[in-house]
Amino acid sequence: MTLPLDAEKLMAYAIPQARDDYDPRDAILYALGTGAGLSAEIDETTLLYERQLQVLPTMALVLGTPGFWPMDPKSGLDWLGILHGEQRLKLHVPLDPFGTMIGETTVTDLADKGPGKAALIRAIKQLKTPGGTLVAEATEVWVVRGAGGFGGQRDLPGDALPPIPQRDPDFAITLPTSRAQAATYRLSGDRNPLHIDPETARSAGHERPILHGLSTMGLVARALIHACCQGQTQPLCEIGLRFTAPVYPGDTIRTFIWQDGETLQFRADAVERGVRVIDNGLALIAAQSSF
């Protein structure tokens, strides 16, 4: 039986600062980990070739991150009971193909859904250059199964992601994943064994290892870029979404997109299984001159 979240221990835990020196090889490896290059219909050479390389904006999610830090016993968390509920990313400047990034992550808010129910954790990472320039902010919400009952507020503060429009989508982009995609994605820093070890996956209630949620997010970002940005990565400056079901490596993901000027809303399904895997998606695109 899962014990209630130890809120005091978690809030006192100092998440390690992380520094990443990265180059085009890392950007290409990250793109491969999101499934870039697998589609026979879409040319993604610019994400995979060092000449005139474009960097996916969602790479900011893996830079300056100290791995899956809830595995540290000092955090007080039962990491096998954690589900990735929501992720948001805002870029203040586009990512260069190489550089150094420093990430500082802080748990900012907790919510208590009640005894025997879930606890919610919100953490925010600020990604900066060594000179202190703020490059990106990443906000994630984790659901800790059965860890409610610690006495906190019921809901996290702040605005919820909006509902999807009640009309047909403007675009639908279908992209494959590979059986080896989780094995590739974890080389960008998230070594959670849930995504590679069958025994760990079964212990967490999955039939086999699942794809990282952030790999799926990178795939969906690629769909938005191809549908609404003419294949250019820089205009995509904000993206947020809810994870609603796990993706298995090898699934085909269809992203449905609604566009209203610079605002995009989206959801995504695993085609073969008929399962919605992402919902309430919201993204912003802007002209390059706005950076």
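No value in this document is a laboratory result; all are computed from the given coordinates. As the structure is a prediction and not an experimental result, all values here were calculated from the model. Cβ placement follows ideal geometry from the backbone for every residue including glycine, while neighbour counts extend to all protein chains displayed.
Key figures for this structure:
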quantity	calculated
Efficiency of FRET between T252 and R19 - r from beta-carbon atoms, R0 41 angstrom, step 0.05	0.65
Relative contact order %, segment 20-130, counting alpha carbon pairs below 8 Å whose residues are six or more apart	26 percent
Segment 122-134 - phi-based ³J(HN,Hα) in whole Hz, Karplus 6.51/-1.76/1.60, Gly and Pro as x	10, 10, 10, 10, 9, 10, 10, 6, x, x, x, 6, 6
Alpha-carbon centroid distance for the pair segment 76-130 / segment 217-243, whole angstrom	19 Å
Qualifying GluC sites (Glu not before Pro) for segment 233-291 [loop in DSSP, other Cβ within 10 Å: at most 16]	E262, E272
Of the chymotrypsin sites (Phe, Trp or Tyr not before Pro) in segment 149-250, those whose Cβ has at most 10 other Cβ within 10 Å and which sit in DSSP loop	none
Length gained when the stretch L161-T200 is fully extended (0.36 nm per residue, less Cα-Cα span)	10.9 nm
Karplus (6.51, -1.76, 1.60) ³J(HN,Hα), θ = phi - 60°, over segment 206-221, in Hz, Gly and Pro reported as x	10, 5, 7, x, 9, 6, 4, x, 6, 5, 4, 4, x, 4, 5, 4
Length released on extending from V271 to D96, taking residue separation times 0.36 nm less the Cα-Cα span	59.6 nm
Zero-based 10 Å bins, Cα pair distances in the chain, whole percents	6, 28, 37, 23, 5, 0
Among G116, G131, G81, residue whose mean-square fluctuation peaks in a GNM of the chain (springs only between Cα atoms under 10 Å)	G131
Amide H partners (placed H, <5 Å) of V275, local residues excluded	A270
Relative contact order of the chain, pairs being alpha-carbon contacts under 8 Å that are 6 or more residues apart, as %	20 percent
Exposed-loop-free span, longest in the chain, where trypsin sites (Lys or Arg not before Pro) count as exposed if DSSP calls them loop and at most 16 other C-beta atoms lie within 10 Å	192-272
